[in-house]
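Enquirer: Can you read through this structure? Questions will come right after.
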Amino acid sequence: MELTFQQLVFYGFSTLLLLSALMVILSRNSVKAVMFLVLCFVATSGLWMLLQAEFLAVALVLVYVGAVMVLFLFVVMMLDIDIAARRHGFTKLLPLALLVAIAFLFILHWLVGDNHFGLEQMEAPSDHDASYSNIRELGKMLYTDYFYPFELAAVILLVAMVAAISLTFRGKRSRKSQDIDKQVRVTKADRLRVIKMESSSSSQQTDSKSDEESNENKDKEQDK
Amino acid sequence: MLEWFNELMWILLKIGFILLPLILAVAYTTYAERKVIGYMQLRMGPNRVGPKGWLQPFADVIKLATKEIVLPSGANKPMFLLGPILFIGPSLAAWAVIPFDAELVLADINAGLIYLLAMTSIGVYGIIIAGWASNSKYAFLGAMRSASQVVSYEIAMGFTLVGVLMCANSMNLGDIITQQSGSVLDWFFIPLFPLLVIFWISGVAETNRAPFDLPEGESEIVAGFHVEYAGTAFALFFLAEYANMILVSCLTAIMFFGGWLSPFQGIPYLDAMTSWIPGTFWLLLKAAFFLFGLLWLRATFPRFRYDQIMRLGWKVFIPVTIVWIVVLAAWIKLQWWPFNG
């Protein structure tokens with residue numbers, strides 16, 4: 001069978017995706033698991049690129065790999081996970097876990113299998129020509145056909161953001177904090193006071209030795 | 001089969017044509033940095049190796065390459081070695097979409113702008129992994145600082161690029177440049193001036209350069225995330241940092257200063273007289289100006305304190321960009337704007 005280049009790329013990324021997804025749950029080190037999850041996203045983005053959805057593919061890398069997973073990694077690195085304790089009860093829960101997994105597999109097959117997404121229900125996507133712009137098409141769809149759901153999603157996100165901030169906000173605490181504007185507005189007159197000092201000796205001294213002496217005298221006066 | 005192979009070899013050749021000059025440029029940026037900062041501080045800078053110190057970068061490379069790579073005994077070895085690779089990979093990959101002249105670009109993709117943002121944000125994995133795998137508290141602190149800094153400034157940077165996008169009507173870097181053609185007055189730095197300032201400063205913060213070099217703040221955390229690295233592994237971090245600096249300078253030139261467009265465009269006689277100069281020269285000249293600015297910043301400003309960095313990113317830059325995007329949208333919509341909306 002002759003493999004086209006696209007098929008080769010597809011199978012390459014799919015294999016990578018499946019293997020890295022498997023490693024996410026198999027690796028013992030949680031940081032490694034997160035890194036495999038990142039690899040998962042990158043492989044998915046490669047698959048989306050094959051569908052000529054270049055905007056979605058790069059946005060996936062930008063949002064999930066570039067921001068979400070960084071914060072994820074942040075949290076995971078702070079955790080101190082005891083692997084032995086977590087393995088406790090593995091065999092006891094295995095039958096239940098298998099049951100859930102198999103049920104999930106059937107539901108998934110029913111949902112995204114042939115009866116909903118088969119070739120009879122949806123025809124295979126045709127190749128777009130070179131002038132096709134994924135961003136333009138996506139924008140048109142979002143701001144015309146799906147305008148209300150799109151705005152609704154934005155409002156929900158806003159509500160979630162307000163909720164998250166109000167959860168962490170613990171009222172105004174009295175604490176010492178800097179007011180940067182105040183610091184910037186400071187002038188010389190606020191900080192520095194120039195005091196006119198009378199010289200102890202009346203005559204003007206020119207040589208360095210007597211200068212030093214007069215300095216010492218000034219110091220003494222200040223001490224007083 | 002042979003067709004793929006030919007195409008693959010052709011692409012690899014082009015990559016080589018971009019990377020070799022880039023690595024040479026990195027080598028001489030390190031030299032320029034030491035010289036420029038030296039003269040700014042009334043010193044000579046490197047002047048021993050070769051005439052006027054011209055061979056200093058090669059001496060540095062040979063020294064680093066012949067050193068032993070020390071693997072700390074407590075380190076997670078595969079991750080420790082993965083760190084520098086993850087850092088340098090994206091910083092080189094970003095160069096794929098940079099247009100050096102009208103037709104001179106490796107990958108002319110529609111989502112070029114967002115691809116660049118993605119690449120600059122992936123680089124932070126190298127730092128985090130390096131800091132974590134070193135199993136050293138200084139390295140870990142540096143990694144944490146870097147992660148939060150990059151994520152914060154990326155938001156402001158993304159918003160400035162939204163402004164560029166609104167003016168150019170395209171995410172393709174080549175289109176962004178051609179939209180600016182006409183004369184110097186058509187370059188985006190005039191309508192987008194606040195965004196230019198924010199983009200450039202965010203760029204300095206994203207590349208972890210002074211005065212935002214908290215991740216490697218030697219006064220408190222020794223050398224930050226790369227404290228445990230030696231030899232070639234350290235050289236990779238160094239190379240990637242300077243490649244990122246050149247990238248940010250090039251991007252500033254492309255987004256706001258017309259990329260490879262000649263500054264004499266639209267001036268009657270001067271334009272015809274200088275039309276033989278290739279666009280690449282103008283791009284590199286503009287980029288060199290901003291690169292010099294980065295060195296100048298380093299010689300001038302002391303390092304920020306951490307809370308000051310966070311305040312600047314979240315409380316100053318992000319609100320300013322959002323306001324400017326709204327202003328820009330109003331201008332374009334009400335047709336007061338010279339750009340077609």
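The values are calculated or read from the model by the stated rules, or taken from the named source; none is laboratory data. None of the values given here were measured: they were computed from a predicted structure. Note that we place each Cβ from the backbone using ideal geometry, even for glycine, and neighbour counts take in every protein chain shown. Please note that ligands, DNA and RNA were not included when accessible areas were found on the heavy atoms of the full protein model with its side chains. Shrake-Rupley method; radii C 1.70, N 1.55, O 1.52, S 1.80 Å.
Enquirer: In Å and whole numbers, how far do the C-alpha atoms of the stretch B:177-333 stretch along each principal axis, longest first?
Expert: 57, 40, 24
Enquirer: Please compute, for peptide B:148-156, the average count of beta-carbon atoms on other protein chains lying within 10 Å of each residue's beta-carbon.
Expert: Values: counts 3, 0, 3, 6, 0, 0, 4, 1, 0.
Mean partner shielding for this stretch: 2.
Enquirer: If A:V38, A:V162 are ordered by their accessible area, calculated over protein heavy atoms with a 1.4 Å probe, which sequence runs from highest to lowest?
Expert: Working: A:V38 15, A:V162 85 Å².
Largest accessible area first, the residues go A:V162, A:V38.
Enquirer: Please compute the Cα-Cα pair-distance distribution of the stretch A:5-132 with 5 Å bins starting at 0, giving whole percents from short to long.
Expert: 2, 9, 11, 14, 18, 17, 13, 8, 5, 2, 1, 0
Enquirer: Kindly report the accessible area of the protein assembly as shown per residue (heavy atoms of protein chains, probe 1.4 Å, no ligands, DNA or RNA), in Å². Please report the intermediate quantities before stating the final value.
Expert: On the way: 34520 Å² over 565 residues.
Each residue of the protein assembly as shown exposes 61 Å² on average to a 1.4 Å probe.
Enquirer: With the Cα gyration tensor of the stretch A:58-167 giving a ≥ b ≥ c as the square roots of its eigenvalues, does the rule (a/c under 1.5 for rounded; else a/b larger than b/c for prolate; else oblate) give rounded, prolate or oblate? Before the final figure, lay out each step's value.
Expert: Working: a/c = 2.15, a/b = 1.31, b/c = 1.64.
Oblate.
Enquirer: Take the residue pairs A:K176/A:K196; B:K35/B:K67; A:K176/B:K315; A:K172/B:K315; A:K188/B:K315; B:K63/B:K286 and return only those whose Cα atoms are more than 30 Å apart.
Expert: Numbers: A:K176/A:K196 35 Å; B:K35/B:K67 25 Å; A:K176/B:K315 19 Å; A:K172/B:K315 18 Å; A:K188/B:K315 27 Å; B:K63/B:K286 32 Å.
Going by Cα-Cα distance, A:K176/A:K196; B:K63/B:K286 fall outside the 30 Å limit.
Enquirer: Related question: In Å², nearest 100, what accessible area do chains B and A bury in total when the solvent probe is 1.4 Å? Spell out each step's value before the answer.
Expert: Working: alone 17050 and 19960 Å², together 34520 Å².
Roughly 2500 Å².
Enquirer: Moving to a separate point now. Pop out the ³J(HN,Hα) list for the stretch B:258-268 in order, Karplus 6.51 cos²θ - 1.76 cosθ + 1.60 with θ = phi - 60°, rounded to Hz; leave Gly and Pro as x.
Expert: Whole-Hz 3J(HN,Hα) from phi for the stretch B:258-268: x, x, 7, 6, 6, x, 8, 4, x, 8, x.
Enquirer: By the scheme Lys and Arg +1, Asp and Glu -1, what is the net charge of all other residues having a beta-carbon under 15 Å from that of B:L247? Don't skip to the answer; put the middle values down first.
Expert: Details: positive: B:R209, B:K286; negative: B:E154, B:E206, B:E241.
Net of charged neighbours comes to -1.
Enquirer: Taking a ≥ b ≥ c as the square roots of the eigenvalues of the Cα gyration tensor of the protein assembly as shown, is the shape rounded (a/c under 1.5), prolate (a/b larger than b/c) or oblate?
Expert: On the way: a/c = 1.65, a/b = 1.40, b/c = 1.17.
Here the protein assembly as shown falls in the prolate category.
Enquirer: Tell me the accessible surface of A:D127 in square angstrom (1.4 angstrom probe, heavy atoms of protein chains only), to the nearest ten.
Expert: 120
Enquirer: Would you tell me the mean number of C-beta atoms belonging to other protein chains that fall within 10 Å of each C-beta in A:46-55, as a whole number? Working shown, then result.
Expert: Details: counts 0, 0, 0, 2, 0, 0, 1, 1, 7, 5.
Taking all residues of A:46-55 together, the mean is 2.
Enquirer: Among the residues of the stretch B:86-111, which ones have their accessible area go down by 30 Å² or more when all the protein chains sit together, as opposed to their chain alone (1.4 Å probe)?
Expert: Buried on complex formation: B:N110, B:A111.
Enquirer: While we're on this one: Quote the accessible area belonging to A:L16 in square angstrom, nearest 10, computed with a 1.4 Å probe and with ligands, DNA and RNA left uncounted.
Expert: 70
Enquirer: Give the carbon-plus-sulfur fraction of the accessible surface of the protein assembly as shown in %, rounded to a whole number; probe 1.4 Å, heavy atoms of protein chains only. Numbers along the way, then the final one.
Expert: On the way: 23330 of 34520 Å².
Roughly 68 percent, rounded to a whole number.
Enquirer: Using a basic spin-label model with each label point 7 Å from the Cα along Cα→Cβ, how many nm lie between A:M23 and B:S219?
Expert: 4.2
Enquirer: Going by accessible area, probe 1.4 Å, with all protein chains left in place, what is the ranking of A:K188, A:K32, B:K35, largest first?
Expert: Working: A:K188 155, A:K32 65, B:K35 25 Å².
So, going from the largest accessible area down, we get A:K188, A:K32, B:K35.
Enquirer: Follow-up. Report, as an integer, the average count of C-beta atoms from other chains found within 10 Å of each Cβ along A:69-78.
Expert: Details: counts 3, 11, 3, 0, 7, 6, 0, 1, 8, 2.
The per-residue average across the peptide is 4.
Enquirer: Let me ask another. If DNA, RNA and ligands are ignored and the probe is 1.4 Å, what is the ranking of B:L295, A:L71 by accessible area, most exposed first?
Expert: Numbers: B:L295 5, A:L71 95 Å².
The ordering from most to least exposed comes out as A:L71, B:L295.
Enquirer: Now a separate question. Using a cut-off of under 12 Å, list every residue of the stretch B:13-55 whose amide N is near the label point 7 Å from the Cα of B:F292 along the Cα-to-beta-carbon line.
Expert: Residues B:36 qualify, since their backbone N sits under 12 Å from the label point.
Enquirer: Between A:Q121 and B:W4, how high is the FRET efficiency from 1/(1 + (r/R0)^6) when r is the Cβ-Cβ distance and R₀ = 30 Å? Nearest 0.05. Mind dumping the intermediate values first?
Expert: Values: r = 34 Å, r/R0 = 1.14.
That gives a FRET efficiency of 0.30.
Enquirer: Would you tally the net charge around B:L165, using a Cβ to Cβ cut-off of less than 13 Å, leaving B:L165 out, and scoring K and R as +1, D and E as -1?
Expert: Working: positive: A:R136; negative: B:D175.
With Lys, Arg at +1 and Asp, Glu at -1, the net is 0.
Enquirer: A further question on this structure: Only helical DSSP H runs with n ≥ 4 go in: add -39500 (n - 2.57) per run for chain B, normalise by residue count and round the 222 nm mean residue ellipticity to 500 deg cm²/dmol. Walk me through the numbers before you get to the answer.
Expert: Values: 14 runs with 220 residues, N = 341.
Only helices count here, giving -21500 deg cm²/dmol.
Enquirer: Mind listing which chymotrypsin sites (Phe, Trp or Tyr not before Pro) in the stretch B:15-72 are in a DSSP loop and have 15 or fewer other Cβ atoms within 10 Å?
Expert: Details: sites: B:F17, B:Y28, B:Y31, B:Y39, B:W54, B:F58; in loops: B:W54.
Those that pass, being in a loop and sparsely packed, are B:W54.
Enquirer: Cα gyration tensor of chain B, axes a ≥ b ≥ c as square roots of the eigenvalues: rounded (a/c below 1.5), prolate (a/b > b/c) or oblate?
Expert: On the way: a/c = 1.58, a/b = 1.36, b/c = 1.16.
Prolate, since a/c reaches 1.5 and a/b exceeds b/c.
Enquirer: Subtract the Cα-Cα distance of B:T274 and B:D307 from 0.36 nm times their separation in residues, and report this length gain in nm to one decimal. All intermediate terms of the calculation are to be shown ahead of the outcome.
Expert: Numbers: separation 33, 0.36 × 33 = 11.88 nm, distance 4.85 nm.
Between B:T274 and B:D307, full extension yields an extra 7.0 nm.
Enquirer: Moving on. B:Y229: net charge of surrounding residues, Cβ under 12 Å, Lys/Arg +1, Asp/Glu -1, itself excluded? Spell out each step's value before the answer.
Expert: Details: positive: B:K67; negative: B:E68, B:E216, B:E228.
Net charge around B:Y229: -2.
Enquirer: Provide the FRET efficiency to the nearest 0.05 for the A:L93-A:I156 pair, computing r from the beta carbons and using R0 = 45 Å.
Expert: Working: r = 35 Å, r/R0 = 0.77.
That gives a FRET efficiency of 0.80.
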